[in-house]
Amino acid sequence: MTAYSAPLRDMQFVISELAGLDSLATLPGYEEVTAELAGAVLEEAAKIAGEVLAPLNKLGDERGASLTKEGVVAAEGFGAAYRRFIDNGWNGLSGDPDYGGQGLPGLVAAAAAEMWNSANMSFALCPLLTAGAMEAIKAHASDELKSRYLPKLVSGEWSGTMNLTEPQAGSDLSAVRTRAVLEGDHYRISGQKMFITWGDHDMTENVVHLVLARLPDAPEGTRGISLFLVPKFLVGADGSLAGRNDVTCASIEHKLGIHASPTCVMSFGEKEGAIGYLVGRKNEGLAHMFTMMNEARQKVGIQGLGIAEGAYQAARDYAKERVQGRPVGQRSGDRVTIIHHPDVRRMLLTMKSQIEAMRAFGYVLAADIDLAHKRRDAAERQRHQARVDLLTPVLKGWCTELGVEIASMGVQVFGGMGYIEETGAAQYLRDARIATIYEGTTGIQAGDLVGRKLPTDNGRAMAALIGDMRAVEGQLGGADNVDFPAIRENLAAGTQALEQATQWMLQTIGTEPNAALGASVNYMMLTGYVCGGWQMARAALAARAQLTAGVDEDFYRAKIATARFYAEQILPKATALLTAVKSGASTALALEEEQF
Ligand SMILES: Cc1cc2nc3c(=O)[nH]c(=O)nc-3n(C[C@H](O)[C@H](O)[C@H](O)COP(=O)(O)OP(=O)(O)OC[C@H]3O[C@@H](n4cnc5c(N)ncnc54)[C@H](O)[C@@H]3O)c2cc1C
């Protein structure tokens with residue numbers, strides 16, 4: 001069961017009505033971007049998702065990638081699909097035109113990425129990492145490295161990886177041990193990295209690794225880490241491949257999901273040392289790598305959304321086919337499909353409403369990223385950047401946690417068949433599970449939010465966000481039907497919960513950091529639910545405004561009903577989480593280690 005049909009109507013609604021595509025078109029470089037252009041691009045992105053990537057999803061899961069003497073061989077069909085993907089220019093969709101990219105807004109790229117992740121998350125990971133590598137190289141590498149590597153990465157002829165993790169260095173990268181020793185105009189890198197996504201494969205002629213390593217005289221901890229570019233094949237001055245570098249894939253992991261994405265143990269310098277080039281400044285590699293990690297965190301948040309949408313579509317289609325039981329209160333007559341049962345409706349709308357909330361939240365943040373890069377006024381750029389900084393951990397943490405919950409609910413809608421691999425529902429759940437772990441676990445995202453993002457500006461960016469939510473609340477008044485008062489009431493309660501939880505966090509993080517960090521995941525989830533409610537309220541308002549035109553009424557009425565469901569059934573979680581946040585972590589820390 002791998003059919004996937006992109007939710008283009010909702011995507012276009014969010015892009016135009018909520019994320020403000022029109023205002024992006026006023027930015028330098030985006031002058032040509034119109035709703036029609038974005039719509040045409042997304043239709044084509046939907047085709048490659050539905051016709052090329054989705055049909056490979058199950059096959060990739062069953063057969064996976066394999067390791068041979070020559071290196072990693074991608075799962076069957078993936079090489080041809082990748083070729084088509086890059087030949088059509090998808091890899092460089094939002095890439096820099098100076099290096100051959102198409103220069104479209106990240107907002108459009110986020111929508112395309114959602115589709116590719118829904119259709120085939122394993123496949124989508126390869127361009128996801130390449131995009132992060134491109135950003136880090138563009139931001140920090142020398143002009144020579146940029147001109148040598150970026151055009152091929154932008155086109156997708158070469159792919160990029162992120163080499164952080166080592167056996168003793170997972171969440172804590174200060175423990176990185178891989179070494180780099182200067183030799184003429186380059187370095188020799190030696191060490192072992194683990195869990196490297198698409199660390200080796202045969203879909204591209206070269207793989208460009210961004211590697212964290214230590215110089216011999218480097219200080220201990222995170223301040224002694226540098227960033228290096230280490231290609232699988234060395235590259236001559238004219239751009240041609242000039243022989244194999246000393247970097248190999250030692251093994252690939254057997255794992256719960258994303259079987260077609262090879263997760264590699266990478267050996268650097270088993271012989272003479274892998275040749276690598278310093279990116280940015282010595283000992284500032286972790287800060288440089290954060291360019292790639294932030295980009296990847298935003299994209300993994302979108303991955304949570306994408307996988308949830310795939311799971312939802314499968315569940316919805318099954319619920320319309322599976323006949324079981326009769327309507328409530330009827331003992332005879334025709335049996336009905338399970339979508340007629342109120343509890344199945346609850347599950348489907350729980351999935352759908354949260355997906356629409358995540359989509360709106362994720363795309364609006366993608367537009368903020370575009371605005372933070374491109375607005376002419378420096379103060380405005382800074383304002384958008386402050387929001388991006390604040391909400392990146394929420395996008396990553398909340399959307400991936402919901403991705404797992406929604407994929408699990410998808411299995412529930414299928415009943416027993418959901419647990420059987422044949423239907424594909426279980427694959428969504430297995431694939432979704434990694435997204436809360438890599439690119440920094442949920443706990444690490446929450447720690448970043450309360451330990452760094454909130455205190456850095458003493459809560460100013462959060463206060464501005466709450467102000468924007470209150471402004472929407474004000475617009476929800478004066479409605480003549482029952483939907484809008486319910487949306488307003490619940491958004492008001494959610495916003496108040498966010499404000500109170502934020503005050504508690506700001507007071508507590510300095511004085512009782514254990515209590516604040518113990519409550520941090522609840523706070524992060526609270527923030528996510530309220531951000532989702534804020535965007536769904538905006539969506540309801542936009543739908544109400546459009547309804548007067550008399551076209552597409554079904555879509556707009558469904559949007560308002562879905563926003564109300566979210567407000568009534570999902571948003572109250574924020575108030576419950578506030579109670580949990582304010583009770584701190586004293587109980588979590590009450591037991592001694594031996595009592596566990
Ligand atoms: C399939 C897959 C693909 C991956 N791809 C890549 C890749 O391409 N490149 C790469 O470099 N790495 C990659 N990783 C590694 C991944 O980023 C790490 O697994 C992840 O960061 C967690 O590190 P860890 O596994 O060492 O867990 P640990 O750090 O040991 O964490 C274990 C638990 O402790 C918690 N914890 C640890 N420290 C803290 C703390 N300070 N505060 C609160 N909680 C904490 C964590 O939240 C987690 O619940 C991948 C991993 C997998 C499984």
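In the set Ala65, Ala25, only one residue is open to solvent by less than 60 Å² (accessible area, probe 1.4 Å) and over 23 Å from Gly257 (Cα atoms); that residue is Ala25. Scanning the stretch 506-539 for residues that are among the aliphatic types (A, V, I, L, M), closer than 27 Å to Gly403 by Cβ and within 16 Å of the ligand (Cβ to nearest atom) yields Ala516, Leu517, Ala519, Val521, Met524, Met525.
Screening Leu517 against (1) assigned to a helix (DSSP H, G or I); (2) more than 22 Å from Arg452 (Cα to Cα); (3) open to solvent by 60 Å² or more (accessible area, probe 1.4 Å) leaves a single unmet condition, (2).
Within the span defined as the stretch 120-129, every residue fails to be touching a residue at least 40 places away in the same chain (Cβ under 8 Å), surrounded by fewer than 24 Cβ atoms within 10 Å (Cβ to Cβ) and not in a helix (DSSP H, G or I).
Of all residues in the stretch 135-173, those that are touching a residue at least 40 places away in the same chain (Cβ under 8 Å) and acidic (Asp, Glu) total 2.
Taking Gly92, is it surrounded by 24 or more Cβ atoms within 10 Å (Cβ to Cβ) and under 23 Å from Arg214 (Cα atoms)? No, not satisfied. Scanning the stretch 413-441 for residues that are open to solvent by 20 Å² or more (accessible area, probe 1.4 Å), of a type in the set (Ser, Thr, Tyr) and in contact (Cβ under 8 Å) with a residue 24 or more places away in the chain gives Tyr438, Thr441.
Annotation note: Cβ proximity below 8 Å between a residue of the stretch 449-464 that is in contact (Cβ under 8 Å) with a residue 12 or more places away in the chain and assigned to a helix (DSSP H, G or I) and a residue that is among the acidic types (Asp, Glu) and buried (at least 21 other Cβ atoms within 10 Å of the Cβ) (sequence gap 6+ or interchain) occurs for no pair.
Taken together, the residues in the stretch 557-592 that are part of a helix (DSSP H, G or I), open to solvent by 60 Å² or more (accessible area, probe 1.4 Å) and either in contact (Cβ under 8 Å) with a residue 40 or more places away in the chain or not polar (S, T, N, Q) (or both) amount to 8.
Quickly run through the stretch 295-333 and pick out the residues that are open to solvent by 50 Å² or more (accessible area, probe 1.4 Å) and of a type in the set (A, V, I, L, M). Correct list: Val323, Val328.
Restricting Leu210, Leu215, Leu173 to residues that are within 27 Å of Asn294 (Cβ to Cβ), away from the ligand (no atom under 16 Å from the Cβ) and crowded, with 18+ Cβ neighbours inside 10 Å narrows the list to Leu215.
The set of residues from the stretch 365-384 being open to solvent by 20 Å² or more (accessible area, probe 1.4 Å) and not charged (D, E, K, R) comprises Ile369, Leu371, His373, Ala378, Ala379, Gln382.
Quick grid of which residues meet (1) of a type outside the set (Ser, Thr, Tyr); (2) within 15 Å of the ligand (Cβ to nearest atom):
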residue: His186; (1), (2): yes, no
residue: Ser190; (1), (2): no, no
residue: Arg223; (1), (2): yes, no
residue: Ser226; (1), (2): no, no
residue: Val230; (1), (2): yes, yes
residue: Ser240; (1), (2): no, no
residue: Ser251; (1), (2): no, yes
residue: Pro262; (1), (2): yes, yes
residue: Glu272; (1), (2): yes, no
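Please verify whether the stretch 279-294 includes one or more residues that are surrounded by 24 or more Cβ atoms within 10 Å (Cβ to Cβ), polar (S, T, N, Q) and within 16 Å of the ligand (Cβ to nearest atom). Within the stretch 279-294, none of the residues are surrounded by 24 or more Cβ atoms within 10 Å (Cβ to Cβ), polar (S, T, N, Q) and within 16 Å of the ligand (Cβ to nearest atom).
For the residues Gln445, Gln412, the requirement of being more than 14 Å from the ligand (Cβ to nearest atom) and not in a loop (DSSP other than H, G, I, E, B) singles out Gln412.
Listed by first and then second residue, the pairs with beta-carbon distance under 8 Å, at least 6 apart or on different chains, first residue in the stretch 261-273 and open to solvent by 10 Å² or more (accessible area, probe 1.4 Å), second more than 11 Å from the ligand (Cβ to nearest atom) and among the charged types (D, E, K, R), are Gly269/Arg188; Gly269/Asp246; Glu270/Asp246; Lys271/Asp246; Glu272/Arg188; Glu272/Asp246. Screening the candidates Ala501, Ala492 for the property of being more than 16 Å from the ligand (Cβ to nearest atom), open to solvent by 10 Å² or more (accessible area, probe 1.4 Å), among the small types (Gly, Ala, Ser) and touching a residue at least 12 places away in the same chain (Cβ under 8 Å) yields one hit, Ala492. So which of Lys152, Lys138, Lys146 ends up being under 24 Å from Ala260 (Cβ atoms), at pLDDT 95 or above and either open to solvent by 50 Å² or more (accessible area, probe 1.4 Å) or more than 16 Å from the ligand (Cβ to nearest atom) (or both)? Exactly one of Lys152, Lys138, Lys146 is under 24 Å from Ala260 (Cβ atoms), at pLDDT 95 or above and either open to solvent by 50 Å² or more (accessible area, probe 1.4 Å) or more than 16 Å from the ligand (Cβ to nearest atom) (or both), namely Lys152.
Within the stretch 415-442, the residues that satisfy the criterion of being among the hydroxyl-bearing types (Ser, Thr, Tyr) and more than 10 Å from the ligand (Cβ to nearest atom) are Tyr419, Thr423, Tyr428.
The values are calculated or read from the model by the stated rules, or taken from the named source; none is laboratory data. Remember, it's a predicted structure, so these values are computed and weren't measured experimentally. Don't worry about glycine lacking a Cβ; one is built from the backbone with ideal geometry, like all the others, and counts go over all protein chains shown. We work out accessible area using only protein heavy atoms, side chains counted, and drop any ligands, DNA or RNA first. Shrake-Rupley method; radii C 1.70, N 1.55, O 1.52, S 1.80 Å.
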